[in-house]
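The values are calculated or read from the model by the stated rules, or taken from the named source; none is laboratory data. Note that the structure is predicted; figures quoted are calculated from it, not measured. No Cβ is skipped: glycine too gets one built from the backbone with ideal geometry, and neighbour counts run over all protein chains shown. For accessibility, only protein heavy atoms count, side chains too; no ligands or nucleic acids. Shrake-Rupley method; radii C 1.70, N 1.55, O 1.52, S 1.80 Å.
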Amino acid sequence: MGSQPTASKAVLVPSASRGHWWNEWLDSKQSFPATGNFDLAANAHGLLLIHNDDTVDAGEGFDTHQHRDMEIITWVLEGTVVHQDSMGNSGMIHPGLAQRMSAGTGVLHSERNGASRSERTPLRVLQMWVPPSEAGGAPSYEELDVTADITNATMFTLASGMTAYRDTSAIRIGNRDAALHVARLQPGQSVQIPDAPFGHVYLADGAATFEDVGDISAGDAVRLTATGGHRVTATEPSELLIWEMHSAAAH
């Protein structure tokens, strides 16, 4: 993994500055370049290579495709995902269900909006990628419904490979330097961002005030380097996805 940063900074990345790719059935807002032949590590922040906020039309989705040596976390905001893979896993991913697929030496999978075209229900889903600490592992899969565990004004560890969250993380990922937290806040409630060499805070929904940065809106992100401890306070009902990362992707 990459070297540790020394300069402390917090950079606001407005929603409108994200990459935007779309076709007849997909509207993809990309915090990092994802569509096309990009060097993912060169465009990463810390370990976070991809952070897509995708809206998928009913009855549409991604046909079977392959991944290798990647930890892929899927978090549904609205609708359902139908997942199938070459390990034999299949089922519906819905809001509140944390899902992780470790591609390892190679896995085939497909992802589709669980609603039929006649239902006309769109899917909104976040997909996030980090590299594994060690390449060449066996592919694996994990999911867990955490709906009852996410309470207002607390930061819940959704996925982690860090020793610090071994007993509290909902699901495990194959990177020992990364953790993903989620927080749902009502107006006036706040959480404190972990101190880490790299952090990425994404406001999936709502509006909030980010200490030392200012007001943030849905789709905005704050990229933190060699800092933390900032308090984020909701001004509307809000959902935050918070990456805590203690190394960077090698490139």
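Computed extension gain for S118 through T163, at 0.36 nm per residue and net of the alpha carbon distance, reaches 11.6 nm.
Ranked by the mean number of other Cβ atoms within 10 Å of their residues, highest first, the peptides 202-212, 232-242, 10-20 come out as 232-242, 202-212, 10-20. Estimated at 0.36 nm per residue, the fully extended path between Q4 and A226 surpasses their Cα-Cα distance by 79.1 nm.
Which values, in whole Å and largest first, are the semi-axes of the equivalent ellipsoid of the range 75-141 obtained as the square root of 5 times each eigenvalue of the Cα gyration tensor?
Each semi-axis is √(5λ); the values are 25, 13, 9 Å.
Accessible surface of the range 2-136, 1.4 Å probe: 49 percent of it comes from carbon and sulfur atoms. What residues from the range 163-184 fall in the zone where the backbone N is under 18 Å from a label point 7 Å along the Cα-to-C-beta line of A148? Residues 168-171 fall inside that zone.
For the chain, the C-alpha radius of gyration divided by 2.2 N^0.38 Å, with N the number of residues, is 0.95. Think of each Lys and Arg Cβ as +1 and each Asp and Glu Cβ as -1; about the Cα centre, that makes the dipole of the range 9-156 roughly 340 debye. Computed over the range 1-125, the quotient of the alpha carbon radius of gyration and 2.2 N^0.38 Å is 1.15.
Here the dipole of the range 136-176 is about 240 debye; that uses its Cα centre as origin and unit charges on the Cβ of Lys and Arg (positive) and Asp and Glu (negative). For the range 119-251, the Cα gyration tensor yields ellipsoid semi-axes of 25, 19, 14 Å (square root of five times each eigenvalue, largest first, whole Å).
Once C-alpha pairs closer than 8 Å and six or more residues apart are averaged by separation and normalised to the residue number of the chain, the relative contact order reads 22 percent.
Legend: calculated FRET efficiency, H251 to E134, from the Cβ-Cβ distance at R0 = 25 Å, rounded to 0.05, equals 0.90. For the range 143-204, evaluate the Debye formula with one uniform point scatterer on each Cα (no solvent term) and list log10 I(q)/I(0) at q = 0.12, 0.27, 0.30 Å⁻¹, rounded to two decimals. With one equal scatterer per Cα and no solvent, log10 I(q)/I(0) is -0.30, -1.31, -1.40. Only Lys, Arg, Asp and Glu carry charge here, each on its Cβ (+1 for the first two, -1 for the last two); on that basis the chain has a dipole of about 300 debye about its Cα centre.
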